[in-house]
Every structure is written in structure tokens, then in C-alpha cells.
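**Student:** Take this structure, written in C-alpha cells, and hold onto it; I'll ask about it next.
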2 protein chains.
Amino acid sequence: MPGQRLARGTGRHLRDLGFAVLEEFVPARGLRVDVIALGPKGEIWIVECKSGRADFTSDRKWTGYLDWCDRFFWAVDADFPEGLLPPETGLILADAWDAEIVRMGPEARLASARRTALMRGFARQAAWRLQALRDPGVAALLPSQPG
Amino acid sequence: MPGQRLARGTGRHLRDLGFAVLEEFVPARGLRVDVIALGPKGEIWIVECKSGRADFTSDRKWTGYLDWCDRFFWAVDADFPEGLLPPETGLILADAWDAEIVRMGPEARLASARRTALMRGFARQAAWRLQALRDPGVAALLPSQPG
């Protein structure tokens, strides 16, 4: 199942758990995560969605994501060869409509300054995307999105 | 001009200044602001949009907003009787398409814990609304938005 559909189901489940989610988020230059989730107490989780074996084995960046979240998860569908995934990471079983957490990612708490910076970036990205959807004219006015 | 149109023009201008904006935000129980804006350094501004004299004189809550932002502004159109507005507040002249800051609201910096809580609430609200627009199915799944 393509990653975007896994992201949708994952987002629904995380919302159900009280998290707000944002897809395709850039925590730092050169990194782009499939799903970032912000919990009621400011918890930050990152979820990478993998459509199959090749998608996972070609990913050379995922260890870089660990420094930008409190917990890290993979989201895969029921056909994915789970044995490939490192046991010390979280695991979410997803389809396009829902998901469940099979294994909680171990917690490695972010430093306070980084958490604040991530939350600020999350807030600004989410609001800009929402504004672009609600007021399509805004996209035409500006050559590119502010940094 | 109705408040929503003033909010749109204000949002465009604030975006141009590097702020991300969110309409109809609840900073605390019983308060609902027309526009909240989050700047690149975490600055939080609140803008109340007033369509005319009656809209302003019937507002008994605005002084309560001052405690939830670094700067406070009114947004009004060119026909609004500006003299009604307290001089120690910011003033934005807006239409539906754009706006300009006529008088900067004086700065009263938020305490750090409140700024963090506002930023978290802003981030979560914006992401939930974005998710509901991108995945309408999510709204049907859940009876109400998480708090």
C-alpha cells in the first residue's frame, strides 16, 4: 500500500489518541518525515511509512529522524515483512482507514529548546497549509512560502 | 465589511510579514479571538476584526485578550471611525484582499510557559483543521474534536 494511504490511516488513529498530525514535515535541512504528531502534553512522535521491502531498504536517512522526536515508529501494512524492522523502534500496523500501535517506540525525550523549535515549525507549517487551502488567493500573491 | 473578510486580508498581510495565522482561536475558556498570528521567533499577536461601530462597542471581552499575546491589534476597514479605538492598541487597516499595519500594538511579552502552551494549542488546532479538510472521513469517524 502506498505510503500516503498508510499516513492517512495512521493520522486517523493518532488523532483518536489525542495527537494532532502533519504530513511531510521538515524538522531540519535535508530531512523530511512522513508524519509528525504532537500530543496533548507536547509529546512529539515521528512516523515513517513504508510501502514494502524496497522502500525500507533504500532508506538511508531514518536514523537521523531519531534526534527529532520523543518516539519513533514505522507504519506498514499487514503484508510487510516486519522482521526487517529494527526491534528498538516503534511499529504501527496501518491501512488507509485506520491503524494500531503494535509496538510502542522507546522514549528518548527531546531537549526543551529543540521541542519548542519543532512545535513552532509544526504550528507555522500547519497554519500556512491551512491558509493556502482556505484562501487559494494567498498562494498566487506570494512567490514562495516563508521559511 | 464583515469581520471574516477583514480577517482574510489581515491574514494575507501577516503572512507576507512572515507570520502564520489561524482564525477563530480559543486561547482560554470563554475567549475566542478572530486572528492569532505566530511569528518566526515565536511572537504571538492577536487581531480582532471589527466591522463597524456597533461591533466594537458591543465587545466587552477584548481587554481579556491582552493577556494572551505579545501585541494586540484591531483590524478595521477604511470607513471605520478610528477615533473609537483605544490609542494604546495596534491598528490594522484591512480589506478582503490585503491590509497594512497603521499603528503597531505595544509589546507586553508573554511569560514563557504561557507562550509554549499557546504555541502548542495553535499547532494542534491548525493541524486538526488541516486534517479535517484533507481527509473529510476523519470528521465522520469521531464525534467531536479532541480538546
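Please treat every number below as a calculation from the coordinates, not as lab data. Treat the numbers as computed from the prediction; the structure is a model and nothing was measured. Heads up, the Cβs are rebuilt from the backbone with ideal geometry, glycines too, and the neighbour counts pull from every protein chain shown.
**Student:** Provide the net charge surrounding B:GLU43, with neighbours chosen by a C-beta distance below 11 Å and charges set as Lys +1, Arg +1, Asp -1, Glu -1. Intermediate results must be reported in sequence, preceding the final value.
**Tutor:** Values: positive: A:ARG120, B:LYS41, B:ARG71, B:ARG109, B:ARG115; negative: B:ASP70, B:GLU107.
Computed value for this residue: +3.
**Student:** Could you calculate the contour length gain from B:ALA54 to B:LEU66, that is, 0.36 nm times the residue separation minus the distance between their Cα atoms, to one decimal place in nm? The partial results should precede the final answer.
**Tutor:** Details: separation 12, 0.36 × 12 = 4.32 nm, distance 2.10 nm.
Length gained, B:ALA54 through B:LEU66: 2.2 nm.
**Student:** So what's the angle, to the nearest 10 degrees on a 0 to 90 scale, between helix B:112-134 and the longest Cα principal axis of chain B?
**Tutor:** With both axes taken from Cα atoms, the answer is about 60 degrees.
**Student:** Which aspartates and glutamates does B:LYS50 reach when only Cα atoms under 12 Å apart count, and residues fewer than 8 places away in its own chain are ignored?
**Tutor:** B:ASP34, B:ASP59, B:ASP77, B:ASP79, B:GLU82, B:ASP95
**Student:** Can you work out D for the protein assembly as shown in µm² s⁻¹ from Stokes-Einstein, where Rh is the Kirkwood radius over C-alpha pairs, the temperature is 37 °C and the viscosity is 0.692 mPa s?
**Tutor:** Values: Rh = 20.2 Å.
Rounded, D is 162 µm²/s.
**Student:** Return the loop-located trypsin sites (Lys or Arg not before Pro) in region B:36-89 (DSSP other than H, G, I, E, B) with at most 16 other Cβ atoms within 10 Å of their own Cβ; answer none if there are none. Don't jump to the answer; show the numbers that get you there.
**Tutor:** On the way: sites: B:LYS41, B:LYS50, B:ARG53, B:ARG60, B:LYS61, B:ARG71; in loops: B:LYS41, B:LYS50, B:ARG60, B:LYS61.
Hits after loop and neighbour filter: B:LYS41, B:ARG60, B:LYS61.
**Student:** What percent antiparallel are the DSSP beta bridges of the protein assembly as shown, to the nearest 5?
**Tutor:** Working: 26 of 44 bridges.
Antiparallel: roughly 60 percent of the beta bridges in the protein assembly as shown.
**Student:** Evaluate E = 1/(1 + (r/R0)^6) for A:ALA108 and B:ALA132, where r is the Cβ-Cβ distance and R0 equals 35 Å; express this FRET efficiency to the nearest 0.05.
**Tutor:** Approximately 0.65, to the nearest 0.05.
**Student:** Taking 8 Å as the Cα distance limit and 6 or more residues as the minimum spacing, I'd like the relative contact order of region B:2-110 as a percentage. Provide the component values of the computation, followed by the final result.
**Tutor:** On the way: 224 pairs, mean separation 30.4, N = 109.
The normalised contact order for region B:2-110 reaches 28 percent.
**Student:** A further question on this structure: Would you mind checking the tilt of helix A:3-16 against the longest principal axis of the Cα atoms of chain A, expressed as 0 to 90 degrees and rounded to 10?
**Tutor:** Taking Cα atoms only, the helix is inclined about 80 degrees.
**Student:** 222 nm [θ] for chain A, helices only, -39500 (n - 2.57) per DSSP H run of 4+, per residue, to 500? Walk me through the numbers before you get to the answer.
**Tutor:** On the way: 5 runs with 51 residues, N = 147.
Value at 222 nm, helices only, nearest 500: -10500 deg cm²/dmol.
**Student:** Run through the other copies and list how far each one's label point is from that of A:SER58, in nm with one decimal, shortest first; the point sits 7 Å from Cα along Cα-Cβ.
**Tutor:** Spelled out, the distances from A:SER58's label point are 5.9 nm.
**Student:** Turning to a different aspect of this structure: Using a 7 Å offset from Cα along the direction of the beta-carbon, what are the separations from B:GLY83 to the same position in each other copy, nm, ascending?
**Tutor:** Relative to the other copies, B:GLY83 has label-point distances of 8.4 nm.
**Student:** What does the convex hull of the alpha-carbon atoms of chain B project to on average, in nm²? Numbers along the way, then the final one.
**Tutor:** Working: hull surface 36.9 nm².
Seen from a random direction, the Cα hull of chain B projects 9.2 nm² on average.
**Student:** Turning to a different aspect of this structure: Counting DSSP beta bridges with both partners in chain A, what percentage is antiparallel, nearest 5? Present the calculation step by step, with values, prior to reporting the outcome.
**Tutor:** Values: 13 of 22 bridges.
In chain A, approximately 60 percent of DSSP beta bridges are antiparallel ones.
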